1. Give the residue, chosen from Ala75, Ala119, that is out of contact with any strand residue (DSSP E or B) (no Cβ under 7 Å at 6 or more places or on another chain), surrounded by 15 or more Cβ atoms within 10 Å (Cβ to Cβ) and farther than 23 Å from Gln163 by Cβ.
2. Can you name every residue in segment 29-41 that is more than 23 Å from Thr79 (Cβ to Cβ) and either at pLDDT below 80 or exposed (fewer than 12 other Cβ atoms within 10 Å of the Cβ) (or both)?
3. What are the residues in segment 115-164 that are in a strand (DSSP E or B), under 18 Å from Thr218 (Cβ atoms) and not assigned by TED's automatic domain parsing to the domain that holds Leu76, if any?
4. So, Gly209, is that one crowded, with 20+ Cβ neighbours inside 10 Å and not hydrophobic (A, V, I, L, M, F, W, C) or not?
5. Could you check segment 324-359 and list, in sequence order, the residues that are at pLDDT below 95, among the polar types (S, T, N, Q) and within 25 Å of the chain's Cα centre (by Cα)?
6. Would you tally the residues in segment 358-395 being of a type outside the set (Gly, Ala, Ser) and under 22 Å from Asn324 (Cα atoms)?
7. Could you list, ordered by first residue, the pairs with Cβ atoms under 8 Å in which the first is in segment 77-91 and free of Cβ contacts under 8 Å to residues at least 24 places away in the same chain and the second is assigned to a helix (DSSP H, G or I), at least 6 apart or interchain?
8. Run Gly315 past the list (1) in contact (Cβ under 8 Å) with a residue 60 or more places away in the chain; (2) assigned to a strand (DSSP E or B); (3) farther than 25 Å from Ser190 by Cα and report the number of the one that doesn't hold.
Amino acid sequence: MREVKAKKITARIESLAKPLRVAGRLQWRNKPVDVDLQIPAVDTILAGNLSAEGIPLKLQVKMPDANLSLDGKAALAGTYAGKLGFSTADLSAFLAGLGQSGAESIGPLAFNGHVDAGATGVSFQEASISVNSVEGAGSGSVEFTAPLKIMTALNFDELDLAQLAGAQSPALQAKAATGAEPADVPLDLSALRSIDATIKVNAKKLGYGKVFAGPVATSLVVSDGVASLTLPEAPFYGGHVVASLRADSSQSEPSIALKTSISGASAAPLLTDMAGFKHLEGSLKAEFDVTGAGRTSGALAKSLQGNANVGFSDGAIRGIDIANVYNNLVSLMTSGFKQDESKATTFTELGASFAIEGGVARTEDLKLVGPLIRMTGNGAADLAQSTLNFRLEPRLVASLKGQGAEISTDGIGVPVVVEGSFAAPRIYPDLSDLLKNPDAALAKLKDFGLPIDKLHIGDLLNEDGAGAAVKDLLGGTLDKALKDKAFKQEEQQLSIEEIIGGDPAPKPDEAAVEIPTNEEAAKADAPTEQPANGTEVPSEEADGPMEGFFKQLLR
C-alpha cells in the first residue's frame, strides 16, 4: 500500500451548527491530490443524529489525470447514494498509475449521473457517459462479479464503433485519403473477457469510421469474451442494410466475423466514405460474408476470407468514357490518354462475385451492360493494401436488345485497365490487342458505318512502300517505330507506350521529339502526294510511318 502524505490540510469550523469543511493537498503515488470535503455540522455528528441513510457529504478530488466529485449520502456500511462525476483524459494511463490494467483501448472517459452504490454493485440513472469521445445517455447497473455483469440501455446521437474501440479513425482516414499505405494499429479486444453485458442501443447514427446507418435500435451482447451485434433493417445511404457482427477475444488471436446485406444504397457516397473510392455511381445491391483474425488491423486485413456478391444498376464508371475512346482512337494513339473525372461510362447493370482469400478479393465474372457497351472483366482488390488491379474487356455493340441483354463478345474491343490505390486509381485503355489485329478492327469499324473507304485506309494497308510500313506498324511493331519518338506526358496522362504495352513513358532527358498540336501540324505540313509503291522514305526528312498513316487517315 502506498502512503499518503499530507502537504497542507485546512479544517474550517465556523460554527458547530454549520458544516465542517476540510480542504488541502495530499501526495499520493508521487502525484499531488487536491481534496475539498464538506460534512454535516459538528453538533449533528456529536449528537448522533445521523440517519441510517448515511452522512450527507460533498467531495471534490482533483488529480493531474482525473477528477472525482460526489454530492450525496454515504453510510458507514459502505454505501453511497447521490450524484457522481468522474473524468479522465486517459483511463488506461490512470489505471496504470494505480497498478491496474485492462483498459488499453480506452482514452478519455467521463461519467455524470445519479448512482446507488454498495459493496456488491452499482446502478445509475439519468447518466451521461463519454468513452473515447463517443457520447451517450441512459441508465443501467453493474454487478461486481468476475467477470463484471453489465445491463444498460443507452441512447446515442452518433455511435462510432471505431472511435469507441479506440481506433485512431481520423488519422487513418486522412492517411487513406492520400492513397498512402494503411496504418497498422493494434487490435485489442481484451476488455471483452472481463465483462458479461447486455447493452440496448438506440442511435440516430450507428457505424464505423465514416460509414453510418440509422436510426438504429439493437442490442450488443457480450459473453465469454465474445461480442455479438445484430443490426435489423436500417436506413443506409438512401437504401437499407441488415448486418451481424461477431468479435471474439476468447482465442489467442482476436477474430471478427461480418455478414452484411445492402439494397438500394447510393454507391458513390458509400464507396467514398468506405474507401475513398470515387469512380462508381449507381444503386448498390450487395452481400458480404467475411471472417478474419489478427493481433493488428493489418494482420486482420491480410487474413480476411469469405465471399461477396456486388451489383450496381443505372450508374456510371467515372473517369473514362469508353464509347468516346472508340470515337477518338486516332487522337488517342497519337497523343495518349488523359483520365478525366468529368467523363463517364454509363451502364444499366454492373455486377461481379468475389472469392476472398488472404485479404484479396478476386473475381472472374465481372460484367457490365450499357446503352453502347457490353463488358466482361476479371481482377482483384487487395483489402489489406487498399489497391485495385482489374482488366475490363468492353465491346462496342452495333445493335441493342435493351436493358438486361446478355453479354455479347461481338464488337470492337479496347480493354480498360483499372489499377492503383482505392483513393486514386488509374483508369486507362490498353490498345495493344487492337493494334495487333488492325484488319479485324477496320472491318468492325466499317460495320458501324464509318467511311473506311473514303479514309483511304485500304491504300495504306497495301503490301508495298508506306502501306507495308503502316501495316507493320499496326500489326505489332509499334514499339520499334516508337524507339526514336517520345510523347509528352501531362499530369495523370498516359503515353502511347503505357497504353499499348504498360511500359513507362520515356524519361524527360530521353525525349527527342514532341507531337505538334493540330494547328502547328497544319502550318508545318502541307498535303503531299503519297509516295509510289516501293519508294523508300528517308528517315530524317520525311514523316515516320505513324505520322504518315494518321495524315492519310485525316485527309
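The values are calculated or read from the model by the stated rules, or taken from the named source; none is laboratory data. Bear in mind the structure is a predicted one, so any value in this text is a computation, not a measurement. Because the Cβ atoms are built from the backbone with ideal geometry, glycine has one as well, and the counts that use them run over all protein chains shown.
1. Values: Ala119 fails: surrounded by 15 or more Cβ atoms within 10 Å (Cβ to Cβ).
After applying the criteria, what remains is Ala75.
2. As a first pass, look at segment 29-41 and keep what is more than 23 Å from Thr79 (Cβ to Cβ): 29-34.
Within segment 29-41, Arg29, Asn30 qualify.
3. Ile150, Met151, Thr152, Ala153, Leu154, Asn155, Phe156, Asp157, Glu158, Leu159, Asp160
4. Details: crowded, with 20+ Cβ neighbours inside 10 Å: no; not hydrophobic (A, V, I, L, M, F, W, C): yes.
Taking the combined requirement at face value, the residue does not satisfy it.
5. Correct list: Gln339, Ser342, Thr345, Thr346.
6. Here is the first cut: in segment 358-395, the residues of a type outside the set (Gly, Ala, Ser) are 360, 362-369, 371-376, 378, 382-383, 385, 387-395.
From what's left, under 22 Å from Asn324 (Cα atoms): 366-369, 371-376, 390-395.
Residues meeting the conditions: 16.
7. Thr88/Phe94
8. The number of the failed condition is (1).
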